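Structure record follows, encoded as structure tokens.
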Amino acid sequence: MSVSTIDHPAAAKQFVAEKERMQWHDMALWFVRNKRDRQAETLPEWEYLRELASAAKAHTQANLAELLETFERHAVAQGAIVHWAVDAAEHNAIVLKILQDNGVERIVKSKSMLTEECHLNPHLEAHGIEVIDSDLGERIIQMRGEPPSHIVLPAIHLKKEDVGDTFHQHLGTEAHASDPKYLTEAARGHLRNKFLSAQAGVTGVNFAVAETGAVVVCTNEGNADLGSSLPPIHIACMGIEKLIPRQADLGVFLRLLARSATGQPITTYSSHFQGPKPGGQLHIVLVDNGRSKIRDSDDFREALNCIRCGACMNTCPVYRRSGGHSYAAVVPGPIGSVLSPASDAERHSSLPFACSLCGSCTDVCPVKIPLHHQLLAWRQEIARQGHLPLSKRLAMRGASMLFARPRLFATVGWLGRQTLRILPRFLTHHRFNTWSVEREMPPTPKTSFRKWFAKHRAENVSLPIVSVSADQRRESIRTEKSS
Amino acid sequence: MNIGLFVPCYIDQLYPDVAIATLELLEQLGARVEFPTAQTCCGQPMANSGCADVAAPMAYRFVDIFEPYDYVVCPSGSCTAMVVKHYEHFFSGAGLERYRRVQEKTFELSQFLHQVIRPERFEHPFPHRVGLHQSCHGLRELRLGQSSETMTNCHDLMGDLLAKVPELEVVPLSRKDECCGFGGTFAVAESDVSAAMGRARIADHAQAGADVMVAGDMSCLMHVQGLIKRDGTPLEVMHFAQILAGRSLQVNSLEKVNG
């Protein structure tokens with residue numbers, strides 16, 4: 001299944017090597033994280049909202065089948081056409097068929113991580129359909145032939161000068177332009193024509209409300225509204241985890257979403273679609289594509305709480321310093337490193353290790369996904385499936401054996417310190433000792449604490465615990481454990 | 001009160017003064033402290049590498065070794081979090097009950113001082129400017145303070161303790177709890193990102209005018225110290241136990257021998 005294995009450390013190395021750009025990327029995202037903090041602080045009930053959102057999602061996952069059917073019933077009653085896709089291929093085939101049945105050759109699409117996940121654009125383009133991404137960031141990277149590097153800020157890896165170069169090449173703007181207003185105006189003019197000539201609009205979905213059959217799309221640019229209102233056909237594509245039970249729940253999620261994503265109280269546009277406009281068509285495509293498998297897993301189920309706000313990316317110190325493309329996955333950052341291995345653990349086996357387990361993602365997550373614990377759980381799963389390098393497995397087994405033998409541990413520690421002291425620097429600090437590539441080795445005191453203690457607190461060493469064989473006690477625990 | 005001192009393996013071997021300072025501090029505060037010599041490592045390096053199967057024996061050993069004590073105290077948020085937050089799934093039945101009893105009496109040092117001993121003030125003055133480095137596992141696993149992401153109020157235990165040290169000044173940081181990038185094997189597996197993260201923390205403490213970066217986890221500081229030494233940054237690192245026990249500013253850079 002795996003074409004090749006993603007090497008996150010190698011990609012990160014390149015990103016870090018461009019020091020100024022890396023630091024700028026870090027600052028740009030930290031700025032967003034700070035905005036999020038200021039917005040969250042304005043709500044005394046912030047933590048309560050997170051609890052509510054998490055509980056609403058847990059309820060949804062527990063009753064997913066019934067709620068999906070309720071949603072379908074209400075959506076259909078209002079005139080929408082609901083399609084079910086088990087995977088990406090079926091999703092793409094459904095969208096293509098709708099377009100072909102209606103003779104559509106040109107579409108505009110607003111931001112949708114689901115269609116990225118399914119690789120809808122290349123599929124439609126291969127069948128002669130022009131697809132224009134209408135979100136400004138998405139349009140920029142579409143022109144450049146790049147994947148998004150962030151789920152909310154898809155072109156966050158680019159500076160305004162890069163955008164100027166891209167627009168100069170594709171839109172004929174002045175060379176070396178970098179004024180955001182000028183560039184945005186150019187993009188507006190270009191996109192306006194695309195909106196007017198599009199024969200169908202594809203949008204993502206932020207929330208689908210089971211009790212009303214509505215889909216809700218949140219944008220800041222209004223591009224989803226134009227794309228769904230101007231052409232006669234609106235196709236809304238959603239993963240089945242976008243469902244929420246009630247309209248009342250929507251208030252909780254809308255308050256959390258924009259604050260977490262960009263530090264705004266609410267997105268500029270939160271558009272509710274219930275049934276097609278007069279004379280038009282509204283298609284809603286419900287996609288599984290591996291979500292049921294995640295739902296079945298006790299370790300990873302809560303990952304389906306995700307509302308794609310991107311806060312975990314903005315806060316992740318590794319993401320900010322390695323860039324979204326280093327993950328080589330549709331969704332980068334902490335949540336991506338949880339979701340990607342679910343589709344192919346071997347290919348994505350380096351991602352759960354691209355993490356210092358700092359837990360900032362878990363604390364920032366508006367729907368309380370225990371992200372860093374899930375990353376830790378993936379590490380165990382990747383080892384169980386045999387995707388850990390042999391060198392690592394052997395090293396850990398060796399360490400475990402050493403740590404079970406206190407006297408040997410003390411001797412090895414002493415030997416290590418002596419060796420570090422005696423050897424010339426070039427033998428201890430070299431490229432095969434990865435620690436020493438960027439750092440000096442730790443100090444090498446002449447004595448360990450245990451040796452110091454034996455000498456200075458000899459009277460405290462003679463207590464029973466030291467003389468009783470740890471092996472006997474361990475045996476007793478094992479027996480109790482297995483009985 | 002009989003305390004079993006739980007000393008992280010790398011502190012035992014590389015930073016013995018941190019354990020000595022912890023021991024002296026607890027003794028000064030009236031506790032009887034033992035160091036059960038059968039202890040080695042809590043198993044976190046193995047567990048975090050995905051090898052929980054070979055970490056399990058470490059958990060069994062831990063319960064064996066520390067069961068007889070009234071309290072288990074450790075000068076590390078990370079190793080304490082491993083024992084308190086990540087051991088449970090290794091046990092079942094009667095073993096689980098034994099583990100739970102040990103779990104309940106296992107404390108990180110600042111937790112123990114705050115919850116059990118409650119010292120009013122510390123005697124030794126520390127006339128220096130201090131940058132507080134909150135280790136992630138202390139902060140977000142053990143909740144030794146309020147993380148900047150969460151909006152619930154809770155005490156910063158290390159900060160509260162250091163506020164009781166005469167002449168000590170805490171400097172404000174621009175990012176008060178960003179990860180230093182150590183992360184165990186992460187420091188080697190993702191060496192470039194790890195070093196970039198560490199250098200960013202050092203720069204933050206330096207711009208704040210700190211003389212010393214102080215933390216409750218020597219593992220963060222081992223990584224930071226390696227970068228400081230390589231770059232020649234004028235910044236010291238100290239465990240907060242060393243400050244409370246009256247150590248001097250350069251205690252960890254003078255390679256002092258405590259034989």
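Descriptive notes on the structure:
- Some residue of region A:315-322 being β-branched (V, I, T), under 26 Å from A:E146 (Cα atoms), within 9 Å of another protein chain (Cβ to nearest Cβ) and crowded, with 19+ Cβ neighbours inside 10 Å: yes
- Qualifying residue in region A:382-405 (condition: crowded, with 18+ Cβ neighbours inside 10 Å, touching a Leu at 6+ places or on another chain (Cβ under 9 Å) and touching a residue at least 40 places away in the same chain (Cβ under 8 Å)): yes
- Residue check for A:I294: modelled with pLDDT of 95 or more, surrounded by 16 or more Cβ atoms within 10 Å (Cβ to Cβ), on the phi < 0 side of the Ramachandran plot and out of contact with any Phe, Trp or Tyr (no Cβ under 8 Å at 6 or more places or on another chain): no
- Test result for A:L376, out of contact with any Pro (no Cβ under 7 Å at 6 or more places or on another chain), more than 30 Å from B:Q134 (Cα to Cα) and part of a helix (DSSP H, G or I): no
- Residues of region A:415-424 that are within 12 Å of chain B (Cβ to nearest Cβ) and loosely packed, with under 11 Cβ neighbours inside 10 Å: A:L415 alone.
- Just so you know, in region B:195-215 the residues that are in contact with an Asp or Glu (Cβ under 7 Å, 6 or more places away or on another chain) and more than 15 Å from B:R175 (Cβ to Cβ) include one that is surrounded by the most Cβ atoms within 10 Å (Cβ to Cβ), and it is B:V212.
- Among (1) in contact with a Ser or Thr (Cβ under 9 Å, 6 or more places away or on another chain); (2) part of a loop (DSSP other than H, G, I, E, B); (3) over 26 Å from A:Q274 (Cα atoms), the one test that A:I140 misses: (2)
- Counting only residues that are within 7 Å of chain A (Cβ to nearest Cβ) and under 21 Å from A:E381 (Cβ atoms), region B:36-54 holds 8 of them.
- Taking the conditions (1) within 14 Å of chain B (Cβ to nearest Cβ); (2) within 30 Å of A:V437 (Cα to Cα) in turn, A:S4 satisfies each one other than (1).
- Qualifying residue in region A:200-218 (condition: polar (S, T, N, Q), surrounded by fewer than 22 Cβ atoms within 10 Å (Cβ to Cβ) and within 29 Å of A:E90 (Cβ to Cβ)): yes
- Restricting region A:68-92 to residues that are over 28 Å from the mean Cα position of the chain (by Cα) and of a type in the set (V, I, T), the residue that is nearest to A:L286 (Cα to Cα) is A:I81.
- Check on B:F122, away from every other protein chain (no Cβ under 14 Å), in contact with a Lys or Arg (Cβ under 7 Å, 6 or more places away or on another chain) and more than 30 Å from A:R36 (Cβ to Cβ): yes
- Region B:144-175, residues that are within 21 Å of A:R33 (Cβ to Cβ) and either buried (at least 18 other Cβ atoms within 10 Å of the Cβ) or touching a Gly at 6+ places or on another chain (Cβ under 6 Å) (or both): B:G145, B:Q146, B:S147, B:S148, B:E149, B:T150, B:M151, B:D156, B:L173
- Spans of helices (runs of 4 or more DSSP H) in region B:175-259 with at least 1 residues within 7 Å of chain A (Cβ to nearest Cβ): B:186-189, B:191-207, B:218-231
- Considering (1) in contact with a helix residue (DSSP H, G or I) (Cβ under 6 Å, 6 or more places away or on another chain); (2) closer than 24 Å to A:L43 by Cα, the lone condition that A:L257 does not fulfil carries the number (1).
- Yes/no for B:R101 being in contact (Cβ under 8 Å) with a residue 24 or more places away in the chain, within 14 Å of another protein chain (Cβ to nearest Cβ) and among the charged types (D, E, K, R): yes
The values are calculated or read from the model by the stated rules, or taken from the named source; none is laboratory data. Given the structure is predicted, the values throughout are model-derived calculations rather than measurements. Don't worry about glycine lacking a Cβ; one is built from the backbone with ideal geometry, like all the others, and counts go over all protein chains shown.
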